[in-house]
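The structure appears right after this line, and notes come after that.
The values are calculated or read from the model by the stated rules, or taken from the named source; none is laboratory data. Just so it is clear, the model here is predicted, and its values are computed rather than measured. Virtual Cβ from ideal backbone geometry, glycine too; neighbours counted across all protein chains shown. Accessible surface is based on the protein model in full, side chains and every heavy atom, while ligands, DNA and RNA are left aside. Shrake-Rupley method; radii C 1.70, N 1.55, O 1.52, S 1.80 Å.
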Amino acid sequence: MTAQLIDGKAFAATVRASVAEHVARLKSDHGITPGLAVVLVGEDPASQVYVRSKGKQTLEVGMKSVEHKLDAETSEADLLRLIDQLNNDDSIHGILVQLPLPKHLNEDLVINAIHPSKDVDGFHISNVGLLGTGQKSMVPCTPLGCLMMLRDYHGSLSGMDAVVIGRSNIVGKPMAQLLLNDSCTVTIAHSRTRDLADVVRRADIVVAAVGRPQMVPGDWIKPGATVIDVGINRIDKPEGGTRLVGDVDFESCAAVAGAITPVPGGVGPMTIACLLANTVTACCRANGLEEPQGLTA
Ligand code: NAD
């Protein structure tokens, strides 16, 4: 391996430490405790794990954590009523509705019912529009984490060629927008891209957010490029059992790249750290206080 490892686990710990410092200051100087409400509908096992982990980390940085666990049959009207209550609760600065929602609930409608200033996932249409026009917004957590790691490693990203593989609303599109806002020349590649290898070979920065195990081989990577692997895929091990891998083939990519994030321990830990960062930012904005530096885009 020649690439430098970008250690998302260690980076996330520094982000959480910075969040905890700001939380302590908000409490001591202003008597304010930032609060995050997480709403889980149904019993999806992966979602339950995420929600538990979010609640635990929220408490660890000194914030208030509220969990609303609703049954899988909850009606849209009841869910919207809860969101309305949380929108009007001054002790709650961030609201997150864990996705995916059960099929009978309209995700767009539910997400857009969250007040944009409390939308710590950054999925509300107003936040998407604000980000798209380069204005102050709540930024989706996973791309924000990727951006923080890229800025930390490179300093300025200005003028770099960036390729984002994947065009989801949660990762690919906001990632591309953030890189554009940082003056990269951005290409968004997706399932219909012709000659993906050729597109990726031009990139100084590759962000892979596809959901296909190890699909990017090392010979697609420009020597010295920075590779950010968002993918989280579980595959079978030849000797039995399973393991987590990303969307890039780590071994072959690490042999050519200048820097690379591992899976696990790369982008993953940054996502919850950025959720906490967004909650502190939302709390400061709600109270007309200066926002923490380095925790937003
Ligand atoms: P998605 O399924 O919504 O989007 C996948 C995108 O990949 C689509 O835009 C599609 O066009 C593109 N794609 C599919 N096949 C392709 C191909 N052969 N070539 C090029 N592009 C192709 O997925 P998502 O929600 O954006 O998540 C992507 C991956 O990132 C998943 O593995 C997911 O688990 C992971 N993820 C990780 C985190 C984290 O915290 N680390 C957060 C969100 C998602």
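Please turn the phi angles of segment 101-108 into ³J(HN,Hα) values with the Karplus equation 6.51 cos²θ - 1.76 cosθ + 1.60 (θ = phi - 60°), one per residue in order, whole Hz, x for glycine and proline.
8, x, 3, 6, 9, 7, 4, 4
What percentage of all Cα-Cα pairs in the chain are separated by more than 23 Å?
55
Hey, got the Cα dimensions of segment 141-268 along the principal axes, in Å, largest first?
Cα extents, longest axis first: 46, 29, 28 Å.
Can you compute 3J(HN,Hα) from phi for each residue in segment 217-223, using the Karplus curve 6.51 cos²θ - 1.76 cosθ + 1.60 with θ = phi - 60°, rounded to whole Hz and x for Gly and Pro?
Those phi angles translate into x, x, 7, 8, 9, 5, x Hz.
Please compute the per residue accessible area over segment 141-268 with all protein chains in place, 1.4 Å probe, rounded to a whole number of Å².
Result: 44 Å² per residue.
How much net charge surrounds S117 when only the other residues with a Cβ under 14 Å from the Cβ of S117 are counted, with Lys and Arg +1 and Asp and Glu -1?
Combined, the nearby Lys, Arg, Asp and Glu give -2.
Okay, helix-only estimate at 222 nm for the chain: each DSSP H run of n ≥ 4 adds -39500 (n - 2.57), divide by all residues, round to 500 deg cm²/dmol; what do you get?
-12500 deg cm²/dmol, from helical runs alone.
Taking θ = phi - 60°, what integer Hz values does the Karplus form 6.51 cos²θ - 1.76 cosθ + 1.60 yield along segment 171-187, in sequence order, with x for Gly and Pro?
Using θ = phi - 60°, the values come out as 10, x, 5, x, 4, 4, 5, 5, 5, 5, 4, 8, 6, 7, 8, 10, 10 Hz.
Need the full-extension length gain, S183 to S158, defined as separation in residues times 0.36 nm minus the C-alpha distance. One decimal, nm.
Difference between extended and current length: 8.5 nm.
Work out the count of Lys pairs in the chain where the Cα-Cα distance is under 25 Å, with the pair 8 or more places apart or on different chains.
Eligible lysine pairs with Cα atoms under 25 Å apart amount to 29.
Using alpha-carbon positions, what is the distance between the centroids of segment 1-27 and segment 150-167, in Å?
One Cα centre to the other: 19 Å.
State in Å² the accessible area per residue of segment 29-117; use a 1.4 Å probe, count heavy atoms of protein chains only, and round to the nearest integer.
Averaged over the residues of segment 29-117, the accessible area is 51 Å².
Which residues' amide hydrogens lie under 5 Å from the amide hydrogen of I165, considering only partners 5 or more residues apart or on another chain, with H built in the peptide plane?
Residues meeting the criterion, in which the H sits 1.01 Å from N, are A189, V207, A208, A209.
Using a 1.4 Å probe on the protein heavy atoms only, what accessible surface does R212 show? Give it in Å² to the nearest 10.
Looks like 150 Å² after rounding.
Can you grab the distance from the C-alpha centre of segment 35-50 to the C-alpha centre of segment 224-292, Å, no decimals?
A separation of 20 Å, based on Cα centres.
Collect residues whose amide H, placed 1.01 Å from N in the peptide plane, falls under 5 Å from the amide H of V216; neighbours closer than 5 in sequence don't count.
Counting only residues 5 or more places away or on other chains, the set is V248, D249.
At a 10 angstrom cut-off on C-beta neighbours, averaged per residue, how do the peptides 26-34, 265-273, 69-77, 282-290 rank from highest to lowest?
Order by mean packing, descending: 265-273, 282-290, 26-34, 69-77.
Where both partners of a DSSP beta bridge lie in the chain, what percent of those bridges are antiparallel, to the nearest 5?
Roughly 10 percent of the beta bridges in the chain run antiparallel, per DSSP.
Mind checking the angle between helix 45-60 and the chain's longest principal axis? C-alpha axes, 0 to 90 degrees, to the nearest 10.
Roughly 70 degrees between the two axes.
Whenever you get a sec, compute what percent of the accessible area on the chain sits on carbon and sulfur atoms (1.4 Å probe).
Answer for the chain is 50 percent, counting heavy atoms of protein chains only.
Quick one: which of 42-52, 167-177 comes out on top by average Cβ neighbours within 10 Å, and what's the full order, highest first?
Taking the mean over residues of other Cβ atoms within 10 Å, the ranking is 167-177, 42-52.
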